[in-house]
Amino acid sequence: MAWFKKERTPKQRSHERRVTIPEGLWVKCDNCKEIIYKKEVARNANVCPKCNYHFRISARERLEQILDNGTVDEFDSNIAPTDPLGFEDSKPYSKRIEESQKKTGLNDAFISGTGTLGGHPVVIGAMEYGFMGGSMGSVVGEKVARCAEKSLEERRPLIVISCSGGARMQEGVLSLMQMAKISAALARLDDARIPFFSILTDPTTGGVTASFAMLGDLNIAEPKALIGFAGPRVIEQTIKQKLPHGFQRSEFLLEHGMIDLIVDRSQLRDVLIACLNVMVGAPQTIPTALASSPLLG
C-alpha cells in the first residue's frame, strides 16, 4: 500500500493530554489548600507540614500515637447500642448504627482500654468521629464512666481523648443522662486524687464539652480545635451580635482561661509523660511546651 493511503492515528493536542496519577498519593489540606504528598503528612503525625493544620484521625490511631509501643489492651469492646426509642428521621436509627459499625469496625463511637505511657500504667479512651460524628449515646457514656471506675479501682491515671459533635439526638434524654453519670464518676476520681487528663481535639462540642471534656485536672487541646457547646451560628442568632475572630477555637479558649494547654500532636505524648511524672512523682525534665504554660510559668 502506498504511504499516502495509510491511516494514521491523529496526534493528540496538548490540551487534550491527561496525566494519570494513582489514587491516594496526595491529600489536600483543608486549611492552606496545598496539595501534599500523603506519606509526608503521615510521617508528620497527620499534621500539614505547610501550615500545621491537624488532620482528623481515627480513635485507634490516636491511641497508637500516645501509648508505649502503640499497644492498647481494649476492654468493653462488645457493648453495642440499641434503638430504645425506635427513632427515625431520614432513615431508622438502627440503620445508621449498622452503617457506622460497618464503616468503622467498632460497635460504637468510643474505644476504651489500658496501657502504659512512659512506663506509667494508665486507663485511656478515645472517641471515634467516624461513628455518627463521635456522638455520645448510652454506650459511649457507659464506656467513659467505666473508664473512670476502672481508673479508680486500679488507681491508674485516666486519659480521655474527645472528638465529638455532642450528645446523640437519636437517644433523646437517655443520651443526656450520660453527662451526669460521667460527671459523678469523675467526681469520685477527683475525691481519690487520681489524675484525669482531658484531650480536646477538633471538634469537641455539645454535651461532651458540657460534661467530661472540660472536667480534666489538665485540659489539653490541639491547635485550632473547635471547642464549645452551641455552634457559632446559633450563638450569633441568639445574642444578635457578631462573634470575635477565632471564637471557640482552642487559642481563644486558652486566652480566656478555659483550657490549660495547647499542644501539637507530635509533642502530646512527651507532654503527657512529663505531666504524669510530675503528678505521680517521678522526676524528669519538663518539655518546653509544658514549661512555658501558665500553670508552671
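Annotations for the structure displayed:
- Residue list for segment 176-215, filter: surrounded by 20 or more Cβ atoms within 10 Å (Cβ to Cβ), touching a residue at least 40 places away in the same chain (Cβ under 8 Å) and of a type outside the set (A, V, I, L, M, F, W, C): GLN178, PRO195, THR201, ASP202, PRO203, THR204, THR205, GLY206, GLY207, THR209
- Within segment 218-228, if we keep just the residues that are more than 11 Å from the chain's Cα centre (by Cα) and in contact (Cβ under 8 Å) with a residue 40 or more places away in the chain, the residue that is surrounded by the most Cβ atoms within 10 Å (Cβ to Cβ) turns out to be ILE220.
- Test for GLY130: is it within 16 Å of the chain's Cα centre (by Cα), surrounded by fewer than 19 Cβ atoms within 10 Å (Cβ to Cβ) and over 23 Å from CYS275 (Cβ atoms): yes
- Going through (1) within 26 Å of THR82 (Cβ to Cβ); (2) touching a residue at least 24 places away in the same chain (Cβ under 8 Å) one by one, VAL173 falls short only on (2).
- Within segment 256-275, the set of residues being within 15 Å of ILE159 (Cβ to Cβ), under 15 Å from the mean Cα position of the chain (by Cα) and touching a residue at least 60 places away in the same chain (Cβ under 8 Å) comprises ARG265, LEU268, ARG269.
- Selection from segment 104-129 of residues that are in a strand (DSSP E or B) and either in contact (Cβ under 8 Å) with a residue 60 or more places away in the chain or not assigned by TED's automatic domain parsing to the domain that holds ARG155 (or both): LEU117, HIS120, VAL122, ILE124, ALA126, MET127
- Applying the condition of being touching a Ser or Thr at 6+ places or on another chain (Cβ under 9 Å) and of a type outside the set (Val, Ile, Thr) to segment 41-59 and asking which residue is farthest from ILE124 (Cα to Cα) yields ASN44.
The values are calculated or read from the model by the stated rules, or taken from the named source; none is laboratory data. Here the structure is a predicted model, which is why all the values come from computation and not from measurement. Ideal geometry is used to build each Cβ from the backbone, glycine not excepted, and the neighbour counts take in all protein chains shown.
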